[in-house]
Amino acid sequence: MFQEGHIDLAGFYAGDRQILTQVYRAHVRTVERAVMRYCRGVDAECIVHDVFLSVVEKKAVRENFKGGKMGAWLATIAANRALDHLRRTKRRAAVDQPCSDSGELPAGDEEERLLHRDQMAHLSAAMDSFSEQVLPQLPAQLGEVFELRFRQHLPQIQAAKTAGIARTTFIDREQRLMKPLGRWIKNRLGAQS
């Protein structure tokens, strides 16, 4: 039985499967509780999975643990990832859903409305150039994700159904797409400022 204070740190850092399995079994509920303070359902499940996957696959992540309470350390990672997820989904929702039926921003500061319009124009141009220059070099399945999510603006569940794959598979593909897309947009928008 795994006990909090009795972990073989050398084995943990080395990625010993038995130790990692013990860590998972001992702390999965703690990580779930930390995530569920911010997210529910499939999103929460994916974040929990992502936390443990990063611990299993990345030695650098394991080496960030310097001793103390493993559960608290994992819960902190999980809460941070859940908060990051919330920030991303709120930004997407703000972009995907206009503020009024006409698609116009509500009356307010003209400068703020112009800034929003300019930012959206730059973002749209960055997405177009990504589609033309980078997307053809990526696996076709990531191109399908891009088309469904960013061109057709389908919600994740509907996009997965349209693609004829499980939502978790779709989420995995979307996450693989987000890395090059995020870098591309950051570089393109950074060049605009």
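The values are calculated or read from the model by the stated rules, or taken from the named source; none is laboratory data. These figures come from a predicted structure and were not determined experimentally. Don't worry about glycine lacking a Cβ; one is built from the backbone with ideal geometry, like all the others, and counts go over all protein chains shown.
Residue by residue, here is whether (1) assigned by TED's automatic domain parsing to the domain that holds residue 188; (2) hydroxyl-bearing (Ser, Thr, Tyr); (3) crowded, with 17+ Cβ neighbours inside 10 Å holds:
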| site | (1), (2), (3) |
| --- | --- |
| 136 | yes, no, no |
| 139 | yes, no, no |
| 142 | yes, no, yes |
| 147 | yes, no, no |
| 160 | yes, no, yes |
| 164 | yes, no, no |
| 168 | yes, yes, no |
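Inspection of the stretch 49-58 identifies no residue that is touching a helix residue (DSSP H, G or I) at 6+ places or on another chain (Cβ under 6 Å), in contact (Cβ under 8 Å) with a residue 24 or more places away in the chain and not in a helix (DSSP H, G or I). Checking every residue in the stretch 9-30 against the condition of being hydrophobic (A, V, I, L, M, F, W, C), under 20 Å from residue 171 (Cα atoms) and either in contact with a helix residue (DSSP H, G or I) (Cβ under 6 Å, 6 or more places away or on another chain) or not in a loop (DSSP other than H, G, I, E, B) (or both) gives zero matches.
Does residue 65 fit the bill of being assigned by TED's automatic domain parsing to the domain that holds residue 32, at pLDDT 90 or above and either touching a Gly at 6+ places or on another chain (Cβ under 6 Å) or outside any helix (DSSP H, G or I) (or both)? Yes; evaluated as a whole, the condition is true for this residue.
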